[in-house]
1. If you scan segment 89-119, which residues turn out to be among the charged types (D, E, K, R) and modelled with pLDDT of 95 or more?
2. Which one of these is free of Cβ contacts under 8 Å to residues at least 12 places away in the same chain and of a type in the set (Val, Ile, Thr): ILE110, ILE74?
Amino acid sequence: MKTQTASLLLALTLAPLGAAQACDAPVAPPSPDGGSSTLEEMIAAQGEVKAFQAANAEYLECVDNQMSAEQASIDEGDESAKERYALAAADYNAAVSREEQVAADFNSAIKAYKAANPD
């Protein structure tokens with residue numbers, strides 16, 4: 001009986017950790033040097049940015065699901081879920097900021113490309 005109780009407690013303790021690790025943040029692509037990149041390199045970089053944005057949308061959905069689960073745990077009285085919720089919310093906000101930075105960097109590269117390659 002003690003072994004079953006210990007196993008159950010261990011499983012319950014590790015379950016939130018497994019949920020927290022279920023979402024993998026995508027790696028932001030490097031920003032191209034618009035001043036020296038070719039059109040083909042800029043188009044390839046645009047594809048990388050779009051792929052990152054799609055992967056980040058999936059990541060945000062995953063983190064949002066985690067936040068919903070933690071909120072449900074909070075509503076059921078699990079005080080430890082508050083910290084997990086706060087960590088997930090911080091991850092979500094960081095991912096949004098990272099995506100905004102990738103877009104801003106790529107837009108700057110486009111401006112530099114256009115300045116270096118006037119028609």
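The values are calculated or read from the model by the stated rules, or taken from the named source; none is laboratory data. Predicted, not measured: the structure shown is a model, and the values here were computed from it. Every residue, glycine among them, receives a Cβ derived from its backbone with ideal geometry; neighbour counts consider all protein chains shown.
1. Listed by number, the residues that qualify are ASP91, ARG98, GLU99, GLU100, ASP105, LYS111, LYS114.
2. Answer to the selection: ILE74.
Listed here are the residues, each with its yes/no results for (1) surrounded by fewer than 17 Cβ atoms within 10 Å (Cβ to Cβ); (2) part of a loop (DSSP other than H, G, I, E, B); (3) hydroxyl-bearing (Ser, Thr, Tyr); (4) modelled with pLDDT under 95.
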residue	(1), (2), (3), (4)
SER36	yes, yes, yes, no
GLU41	yes, no, no, no
ALA54	yes, no, no, no
TYR59	no, no, yes, no
ARG84	no, no, no, no
